[in-house]
1. Pairs needed: first member in region 460-481, surrounded by 21 or more Cβ atoms within 10 Å (Cβ to Cβ); second member anywhere, of a type in the set (Asp, Glu) and not in a loop (DSSP other than H, G, I, E, B); C-beta distance under 8 Å; at least 6 residues apart or different chains.
2. Which of the residues belonging to region 737-751 are open to solvent by 10 Å² or more (accessible area, probe 1.4 Å) and farther than 21 Å from Ile779 by Cβ?
3. Identify the residue in region 600-623 that is touching a Lys or Arg at 6+ places or on another chain (Cβ under 9 Å) and modelled with pLDDT under 80 and, among all such residues, is farthest from Glu666 (Cα to Cα).
4. Report those strands (runs of 3 or more DSSP E) wholly inside region 407-447 carrying at least 3 residues which are in contact with a Phe, Trp or Tyr (Cβ under 7 Å, 6 or more places away or on another chain).
5. I'd like to know if region 795-805 contains one or more residues that are part of a helix (DSSP H, G or I), touching a strand residue (DSSP E or B) at 6+ places or on another chain (Cβ under 9 Å) and open to solvent by less than 60 Å² (accessible area, probe 1.4 Å).
6. May I ask you to list the residues in region 107-138 that are closer than 19 Å to Gln457 by Cβ and touching a helix residue (DSSP H, G or I) at 6+ places or on another chain (Cβ under 7 Å)?
7. Looking only at residues in region 132-143 that are open to solvent by 30 Å² or more (accessible area, probe 1.4 Å) and over 29 Å from the mean Cα position of the chain (by Cα), which one is farthest from Thr314 (Cα to Cα)?
8. Considering region 345-370 alone, what residues qualify as being surrounded by fewer than 19 Cβ atoms within 10 Å (Cβ to Cβ) and not in a loop (DSSP other than H, G, I, E, B)?
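The values are calculated or read from the model by the stated rules, or taken from the named source; none is laboratory data. All figures in this text were calculated on a predicted structure; none of them were measured in a lab. All Cβ positions, glycine included, derive from the backbone under ideal geometry; neighbour counts span all protein chains shown. In case anyone asks, the SASA skips ligands and DNA or RNA and just uses the protein heavy atoms, side chains included. Shrake-Rupley method; radii C 1.70, N 1.55, O 1.52, S 1.80 Å.
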Amino acid sequence: MSTPLPSGDGIDELLAGYRPLPGHYDELMGPDGQPRQVWQALLRDFAAMGRDLRDSAGNTAEGLLREHDVAYIAADGNSKRPWHLDVFPLLIEPEDWQGLADGLVQRARLLNAITADLYGPQQLLKSGAIPAPMVFANPEFMPNSCGYKVRDGEFLQFLAFDLGRAPDGTWWVLSQRTESPAGIGYALENRIVTSRSIPEQFNAYNLHRLAGFFRSFADHFAALGDQHRSVVLTGGPIQQDYFEHALIGRYLGYPVVESADLTVRDSRVFLKTLEGLERVDLIIRRIASEHSDPLELRAPPGMGIAGLLHAARTGNVLVANAIGSGIAESLALQSLMPALCEQLLGEPLRVPGVATWWCGDPAAREHVLANTGTLSLRHAFTARHLLSAGAAEFAASDQDLPDRAALEAALAMHPQDYVGIERINTSTVPCLSAEGTLRAVPMVIRVYVAATANGYQVMPGALVKVSGVDLGTGVPVSKDAWVLSREPIEPETLLKPLRAATLKRSDRDLPSKTADDLFWLGRYFERAEGNVRLFRSLFLHLSGEAAFGNVPVALNILTGLMVSLGQVSARHSRRVIAAGYRGVEHEIWNVLFDPESPDSLANVLANVARTADQVRERLSADAWRIIERLTAMPRLRWRGHTVNDAVAVLNDLTEAQSAVNGLIHENMTRGYGWRFLDLGRRLERARYIIRVMRELLIRVDPLDPGVLGMQLELADSLITYRSRYKTEPQLPAVLDLVLADDTNPRSLVFQLGEMKNHMAVMPLEELDGHLSRKQRILIGMHTEITLADVDKLAGVTSRNGRRTHLNRLLNRCEQGLDTLTDLISQTYFSHSTGHRVTGNVLKDTADHAV
């Protein structure tokens, strides 16, 4: 119902130029051209805000989305795109919503029954109710899932439906999502951000809150996984909707894990943690079914858990949704839904689907060929992602089916793979434009349904998407949906935890992959720092500003050291040396910042960024901002590409690295995560020290002018030496400071001491009262260096003038570090050693044999 809305008070300005699209149902305007009654109070509120306050609310929303880092990965898998929100919500009246919700619950029950039959008795196939090609041609059908055991008959715990409103106001199902429906985290974030951007308007409306829905399905999941661990299985930060995986994990209190975090032993699933293997009995699956198990399915390298499907078939783990549940997403099923509803539920279908013709049926195929101009031509078994699609994308044909000729060629080969879909003009919703006025734009909404203790329940809200094509901006925009109620609604916050926190000060249940990522983040940080220090020494020498004075063979020494450390290839080092002092500037770009060069510093910093992104939630916001700035620097070009320009950029990198180190040291709690990060740093720094000493003190004569100064400079110990000795560098004193001084945080013995302290408190290092092999290696190296005679190490003992004792000591330490790295990986990351069971945790034992 609509009534005239009084003009004035900014309403005319807000609605200036608002034009409902012909042939579309308009959510705001009634047939008489007046705003519908349900919208009038909201229009008055937004009009009263004025242009400045409306712009301010939009800016607040954008700022909150940036602060929360709400984004999605583009379809190419490489670029992260920011999430955009229009703070003017969609309003849905109670009666309209109730009929829709009842119909979607019915559809959820129906899709669950279809999935159960296809992986069970297959009566629908035997009777011909579903044609066999419609199932067996679908890549989402997993034959190995037949006989799959589920609890209480639930194959589908979580579903989503993409909806559009037809010109007559009827809701139509455009597509149904049963595999691992995306977007609910974004809907949750939309509600939080909208409520904070327009708090007065939000609190003034009697609308359904989302928290009750989330609490209901969280309680249901908790009951399903009440004995052991529950996890959210994700494909990682490269997945398009990874943001919401992390959000759901935090909200439910479940760890977000990747395939490498899980393993199957004796048909049971375990989470790799620092304490060993912890039993898992519930997996909320957010990866494709075919990526779940590399043994039985089509998982690409690095994806899936070997044996997961067998563990699920035998009922030892509940996977939600069941592996293979994407079979019910098929667009071809839409044409059969009314008949299947009558057959399986004994009820008429309440919410219709958009008219669909499956080309595997000859009559339907002829209809599609005769009406190519009025139908959308689509692949029957390929879904479109709502995160990057709106009404325009849903109405369009697939790009490889632009016309009748292309369709005829496709149908001649595989007719069962295609459908024709009726094009409908979806309803338009008011959106705030850049001019501060409202504009009518077609919309698609995604509504979510979840299994609860009382059956399927619909989330009283939706993710509203408006295409950038339709909006005219090229950037897709989302909106919050407010479902109104005639009854008083008790406010309930979405930010309230779903269960009381258990007090703890330890992270012994840290997933192994997270520990592995932190360990490698520490290594990459230190590797980048060593690279920057070495490159800066090279360019300072070339510019005549080296702190260790003029060294005639410095270019040869430093490039040789870069080769030893793996920072440049031998071929590239020869090019640098051949360029000489005058020509080396032409090689600077390739050596430092060429993203295409495998030897460049840019690639090392790219590893820092990639690994840091894996553990972003464990880094402070300030640390993350500096890491982003640090890793962006190599992309900057400078005028002329001169040595001085290179030194300036390297100085900036050093400052950024120092800032990150300080923030991590001051802000990160001293749990196992911090210990693994620091362990990686210490191990990499120890390797760096050993290789620099071998290059400068073994392969080069350290008595040559400036070599000892170069050693001190690269070890960041030159100032300490000068303040302590007041003389020119001498080899025994340099060895003592860089090798054996436990007060020097840049010495080798200091790194070994810190690693020894970390390893002493790790959870799997003192079983049965014995030291682990890792501890014995570290104690042995630390003791040997502490007791070393630096005068003896400085002495020449071979005919070729080399320091044999020093060389052997460095070799033993490097071999010990290699062995230590392997043992840490086997014990804490891969869990490839033997295990024993303690309660619900399998613990490593092979490392502790005496």
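1. Once the first residue is surrounded by 21 or more Cβ atoms within 10 Å (Cβ to Cβ) and sits in region 460-481, its partners that are of a type in the set (Asp, Glu) and not in a loop (DSSP other than H, G, I, E, B) give Gly461/Asp480; Val464/Asp480; Val466/Asp86; Ser467/Glu393; Val477/Asp86; Ser478/Asp86; Lys479/Asp86.
2. Correct list: Arg746 only.
3. The selected residue is Ala602.
4. Numbers: elements: 418-422, 428-432, 438-442.
Ranges flagged: 428-432, 438-442.
5. Looking for residues that are part of a helix (DSSP H, G or I), touching a strand residue (DSSP E or B) at 6+ places or on another chain (Cβ under 9 Å) and open to solvent by less than 60 Å² (accessible area, probe 1.4 Å), one finds none in region 795-805, hence no.
6. Here is the first cut: in region 107-138, the ones closer than 19 Å to Gln457 by Cβ are 107-113, 115.
Once the filter is applied, which keeps residues that are closer than 19 Å to Gln457 by Cβ and touching a helix residue (DSSP H, G or I) at 6+ places or on another chain (Cβ under 7 Å), region 107-138 yields Arg109, Leu110, Leu111, Ala113, Thr115.
7. The first filter runs over region 132-143 and keeps only residues open to solvent by 30 Å² or more (accessible area, probe 1.4 Å), leaving 132-133, 136-137, 139-140, 143.
Remaining after also requiring over 29 Å from the mean Cα position of the chain (by Cα): 132-133, 136-137, 143.
Working: Ala132: 26, Pro133: 28, Phe136: 24, Ala137: 26, Pro143: 15 Å.
Applying the filter and picking the extreme gives Pro133.
8. Of the residues in region 345-370, the ones surrounded by fewer than 19 Cβ atoms within 10 Å (Cβ to Cβ) are 345-350, 352, 355, 361-364, 366-367, 369-370.
Result: Leu345, Pro362, Ala363, Ala364, Glu366, His367, Leu369, Ala370.
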